[in-house]
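Accompanying notes for the structure given below.
The values are calculated or read from the model by the stated rules, or taken from the named source; none is laboratory data. Because the structure is a prediction, the values reported are computed rather than measured. Using ideal geometry, Cβ is built from the backbone for each residue, glycine included, and neighbour counts are taken over all protein chains shown.
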Amino acid sequence: MLQRTHACGELRIEHASETAHLAGWVNNYRDHGTGLVFIDLRDHTGLTQLVFDKEDVPADVRDEIVEAADKLRAEDVIAVKGVVRKRDGGPNPKLPTGEIELVVEKLEVLAKADTPPFQPGDEQNLPGEELRLRHRYLDLRRPAMQNMLRTRHRVTKVARDFFDTMGFIEVETPNLCRSTPEGARDFLVPSRLQAGEFYALPQSPQLFKQILMVAGADRYMQICRCFRDEDPRADRQAEFSQIDLEMAFVTREDVLNTMEAFARTLWKEVLGVEVPRFPRMTWQEAMDRYGSDRPDLRFGLELVDISDLAAKTDFKVFQQALAKNPDSSGTGGHPSTRDGGVVKAFRVPGGAEKLTRKLTDGYAEFVKQFGAGGAPVTKVTDSGFETGIARFIEPITAELKERLKLEPGDSVIFGADGYNTASKALGELRLKVAKDLDLIEDGHWAFLWVVDFPMFEYDEGDGQSGGRYKALHHPFTAPRDDQVDRFLGADAGDTQTLLGILSDGYDMVCNGSEIGGGSIRIHRRDVQQKVFGLLGLDDAEAEAKFGFLLEALRFGAPPHGGIAFGLDRVVMHLAGTDNIRDVIAFPKTQTGADLMTEAPSSVDEAQLQELHVRSVEPEATASTSPAV
Ligand code: ASP
């Protein structure tokens, strides 16, 4: 086989009159029928135009080569030898190799291809995703997908190099684990050797990395696969990757600084972008000002609490909201300190013109999915307000203008409800308005840290069996140092105190998406036991399920903390796609299917027997995968 001397995207005018060997896939061909064939040859680096010209080929092989070239079809694999020359027909400015062509003297056909179901070189005419996933090897030949693979590789390479320099070591943790109750549903693997017992695939290596700190590893990193058997959602994969990190003898400050330096290095290395230092915001402030714990700071539209002003109006919608009791809006009983009803509003600069009636009618509908009754609006004029709820807010015109810094030509959008519902609905609406009005600048990176999360949220339950505390992050997250005594002192019935306890958790947010989350961990056995107790595990259960952790904590655990970055999400940002399947070489569909290998699949009865497992017919309403 001809050995490549160059890649297909490499040759330039400086190479003119050199001999080069190329190999790759036939991207497209043009047969001029006069003993002249043009082929664009493709590999992951790009395209080179090949010319098969009777005039230029040595007489003894002329017919053979041009004849063979004539038979080439899309996606055939070939190797060629030829001489580089300036393009006869003038340069093609669309290609980096567009100034040259390779005049072929020798052709080897390495593999013929059947007519492909779609042509990777024809971006304009791609079929639906299903067909592309079925033939993923063709899909991945597309230059855009090759870029994704390479961006992902860059990210993991930069991560390994960065953390290596910082003294982290990569340690592998098991994939066959013990099933643990908290969090998402586990994927289970039946044990053949221990009849009736099961492993679980890890939802994250959380406990192993903590135990590595107890074991003296000091700084751990791993690029690992995690598995969560959750219900389908467009931006989620049951099997996903994390850059997982843990550090011993650290405070929150140490972790935040290290991880921020990593993210800034990554953006610099992969995109050449200098990201400024990240602002920090408490969870409460994020909820107050953006109605979200992962605020998108690329644009304004900040939520402002105007409850005190709203109270001065007779507007029924406002009055009813303000009369609400501490939030019972079903969003999980967040430990918000802003109990009860609120009226919030945000200013839309220039909205009087830009927000059409059609849009604002749509907004009233949009917020209903978050439990809000509507989204009243009004326009700002020189003298006051016009349209919408203008007449109801007349008494507070001056104060409202001052509070929201309103200018003539703006619009104001209001939300009046329980704190959680109003915040959530306006927070989501804020994102929608930004999209509708195209307020998000391309290439703008807005990072921040969200800190001081509450330790717990409270699930009221069905009212019969009583409520239940849930860890807002996970059960191994420590209370902030200054809260430990208050935490240990509060008994389970003291909901008010417990919901006010802040944790030492943190999230890294980029352009409104959480790309990393972590915490300082509990390293005291008594604190860990108390958390388990509040989460509904009595001592015996905690011992049965997390005995190994509690035991490790008895033998000298250093203070420690860490974080996990969602690798897929990080790559999505860096590669500029919002489809998670684009950044995974062999992704699954929303229903967890691999369309290429057709997994999951049924297995032989004998295999099941060996595993001590019987497959039962799913009930009509149950999912269609066999129950194990
Ligand atoms: N294990 C956590 C997660 O997967 C991250 C962490 O706390 O480090 O979300």
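Kindly check whether there is at least one residue in the stretch 314-325 that is more than 20 Å from I393 (Cα to Cα) and either under 23 Å from the mean Cα position of the chain (by Cα) or surrounded by fewer than 18 Cβ atoms within 10 Å (Cβ to Cβ) (or both).
yes
Yes or no, residue by residue, for (1) farther than 30 Å from A261 by Cα; (2) more than 16 Å from the ligand (Cβ to nearest atom); (3) not acidic (D, E):
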site	(1), (2), (3)
S519	no, no, yes
H523	no, no, yes
A552	yes, yes, yes
P559	no, no, yes
D568	no, no, no
L574	no, yes, yes
F586	yes, yes, yes
Q590	yes, yes, yes
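Restricting to the stretch 309-353, count the residues that are aromatic (F, W, Y) and either under 19 Å from D288 (Cβ atoms) or at pLDDT below 70 (or both).
The first filter runs over the stretch 309-353 and keeps only residues aromatic (F, W, Y), leaving 315, 318, 346.
When the remaining residues are screened for being either under 19 Å from D288 (Cβ atoms) or at pLDDT below 70 (or both), the result is 318, 346.
Count: 2.
Restricting attention to the stretch 483-496, which residues are without any contact (Cβ under 8 Å) to a residue 12 or more places away in the chain and surrounded by 15 or more Cβ atoms within 10 Å (Cβ to Cβ)?
Taking the stretch 483-496 and keeping what is without any contact (Cβ under 8 Å) to a residue 12 or more places away in the chain, we get 485, 489-491, 493-494, 496.
Within the stretch 483-496, A490 is the sole residue that qualifies.
Only residues that are surrounded by 15 or more Cβ atoms within 10 Å (Cβ to Cβ) and either at pLDDT 95 or above or not in a loop (DSSP other than H, G, I, E, B) (or both): list them for the stretch 117-128, please. If you could, list the steps in order and put the result at the bottom.
First pass over the stretch 117-128, keeping only residues surrounded by 15 or more Cβ atoms within 10 Å (Cβ to Cβ): 118-121, 126.
Correct list: F118, Q119, P120, L126.
In this structure, is A564 of a type outside the set (V, I, T), at pLDDT 95 or above and within 30 Å of L271 (Cβ to Cβ)?
On the way: of a type outside the set (V, I, T): yes; at pLDDT 95 or above: yes; within 30 Å of L271 (Cβ to Cβ): yes.
Yes.
Of all strands (runs of 3 or more DSSP E) completely enclosed by the stretch 426-522, which ones contain at least 3 residues that are closer than 26 Å to F546 by Cβ?
Details: elements: 447-451, 456-459, 468-471, 505-510, 513-520.
The qualifying strands (runs of 3 or more DSSP E) are 456-459, 468-471, 505-510, 513-520.
Please determine whether any residue of the stretch 105-112 is outside any loop (DSSP other than H, G, I, E, B), among the hydrophobic types (A, V, I, L, M, F, W, C), free of Cβ contacts under 8 Å to residues at least 40 places away in the same chain and exposed (fewer than 14 other Cβ atoms within 10 Å of the Cβ). Steps first, answer last, please.
The first filter runs over the stretch 105-112 and keeps only residues outside any loop (DSSP other than H, G, I, E, B), leaving 105-111.
Applying the additional criterion that residues be among the hydrophobic types (A, V, I, L, M, F, W, C) yields 107, 109-111.
Add one more test, that the residue is free of Cβ contacts under 8 Å to residues at least 40 places away in the same chain, and what stays is 111.
Narrowing the set further to residues that are exposed (fewer than 14 other Cβ atoms within 10 Å of the Cβ) leaves 111.
So far as the stretch 105-112 goes, yes, one or more of its residues are outside any loop (DSSP other than H, G, I, E, B), among the hydrophobic types (A, V, I, L, M, F, W, C), free of Cβ contacts under 8 Å to residues at least 40 places away in the same chain and exposed (fewer than 14 other Cβ atoms within 10 Å of the Cβ).
Test of understanding: among L107, L131, which residue is in contact with a helix residue (DSSP H, G or I) (Cβ under 8 Å, 6 or more places away or on another chain) and hydrophobic (A, V, I, L, M, F, W, C)? Break it down stepwise before answering.
On the way: L131 fails: in contact with a helix residue (DSSP H, G or I) (Cβ under 8 Å, 6 or more places away or on another chain).
After applying the criteria, what remains is L107.
Given the structure, is L201 away from the ligand (no atom under 13 Å from the Cβ), surrounded by 20 or more Cβ atoms within 10 Å (Cβ to Cβ) and either within 17 Å of the chain's Cα centre (by Cα) or charged (D, E, K, R) (or both)? Don't jump to the end; show me each part of the working.
Values: away from the ligand (no atom under 13 Å from the Cβ): yes; surrounded by 20 or more Cβ atoms within 10 Å (Cβ to Cβ): yes; either within 17 Å of the chain's Cα centre (by Cα) or charged (D, E, K, R) (or both): no.
Answer is no for this residue.
Is it the case, given these coordinates, that V531 is surrounded by 15 or more Cβ atoms within 10 Å (Cβ to Cβ), within 16 Å of the ligand (Cβ to nearest atom) and not in a strand (DSSP E or B)? Before you say what the answer is, go through the steps one by one.
Values: surrounded by 15 or more Cβ atoms within 10 Å (Cβ to Cβ): yes; within 16 Å of the ligand (Cβ to nearest atom): yes; not in a strand (DSSP E or B): yes.
So V531 fits the description; yes.
Evaluate the stretch 377-396: report whether one residue or more is crowded, with 18+ Cβ neighbours inside 10 Å, modelled with pLDDT of 95 or more and over 21 Å from V304 (Cβ atoms).
no
Here is a yes/no grid of residues against (1) touching a Lys or Arg at 6+ places or on another chain (Cβ under 7 Å); (2) modelled with pLDDT under 90; (3) on the phi > 0 side of the Ramachandran plot:
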{"site": "V57", "(1), (2), (3)": "no, yes, no"}
{"site": "L72", "(1), (2), (3)": "no, no, no"}
{"site": "I78", "(1), (2), (3)": "no, no, no"}
{"site": "K81", "(1), (2), (3)": "yes, no, no"}
{"site": "V84", "(1), (2), (3)": "no, no, no"}
{"site": "R87", "(1), (2), (3)": "no, no, no"}
{"site": "P91", "(1), (2), (3)": "no, no, no"}
{"site": "E101", "(1), (2), (3)": "yes, no, no"}
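Looking at the stretch 84-93, is at least one residue in contact with a Leu (Cβ under 9 Å, 6 or more places away or on another chain) and outside any loop (DSSP other than H, G, I, E, B)?
We begin by selecting, within the stretch 84-93, every residue in contact with a Leu (Cβ under 9 Å, 6 or more places away or on another chain); these are 84-85.
From what's left, outside any loop (DSSP other than H, G, I, E, B): 84-85.
Yes.
Does the stretch 134-174 hold any residues that are charged (D, E, K, R) and within 20 Å of T577 (Cα to Cα), and which are they?
Here is the first cut: in the stretch 134-174, the ones charged (D, E, K, R) are 134, 136, 139, 141-142, 150, 152, 154, 157, 160-161, 164, 170, 172.
Hits for the stretch 134-174 are R136, D139, R141, R142, R150, R152, R154.
For the stretch 231-255, which residues satisfy the criterion of being away from the ligand (no atom under 13 Å from the Cβ) and farther than 20 Å from M166 by Cβ?
If the condition is that a residue be away from the ligand (no atom under 13 Å from the Cβ) and farther than 20 Å from M166 by Cβ, then D231, P232, R233, A234, D235, R236, Q237, A238, E239 are the ones that fit.
Report, ordered by the first and then the second residue, all pairs with beta carbons closer than 6 Å, sequence separation of six or more or different chains, a first member in the stretch 203-218 that is farther than 24 Å from T165 by Cβ, and a second member that is of a type in the set (A, V, I, L, M) and within 12 Å of the ligand (Cβ to nearest atom).
If the second residue must be of a type in the set (A, V, I, L, M) and within 12 Å of the ligand (Cβ to nearest atom), the pairs left are Q203/A184.
Scan Q222, Q206, Q210 and give me the residue that is under 15 Å from L245 (Cα atoms), out of contact with any His (no Cβ under 9 Å at 6 or more places or on another chain), within 13 Å of the ligand (Cβ to nearest atom) and not hydrophobic (A, V, I, L, M, F, W, C). Quick ask: steps written out before the conclusion?
Details: Q206 fails: out of contact with any His (no Cβ under 9 Å at 6 or more places or on another chain); Q210 fails: out of contact with any His (no Cβ under 9 Å at 6 or more places or on another chain).
It is Q222.
Residues that are touching a residue at least 12 places away in the same chain (Cβ under 8 Å), within 13 Å of the ligand (Cβ to nearest atom) and either under 28 Å from I522 (Cα atoms) or among the hydroxyl-bearing types (S, T, Y) (or both): does the stretch 259-266 have at least one?
yes
At pLDDT 95 or above, under 35 Å from the mean Cα position of the chain (by Cα) and among the aromatic types (F, W, Y): does that describe Y419? So that I can check it myself, show each step before the final result.
On the way: at pLDDT 95 or above: no; under 35 Å from the mean Cα position of the chain (by Cα): yes; among the aromatic types (F, W, Y): yes.
Spelling it out, it is not the case that Y419 is at pLDDT 95 or above, under 35 Å from the mean Cα position of the chain (by Cα) and among the aromatic types (F, W, Y).
Need at least 1 residues that are exposed (fewer than 13 other Cβ atoms within 10 Å of the Cβ) and not hydroxyl-bearing (S, T, Y) per element, so show me which strands (runs of 3 or more DSSP E) inside the stretch 12-77 make the cut, counting only ones lying wholly within it. If you could, list the steps in order and put the result at the bottom.
Details: elements: 19-31, 36-43, 46-53.
Those strands (runs of 3 or more DSSP E) span 19-31.
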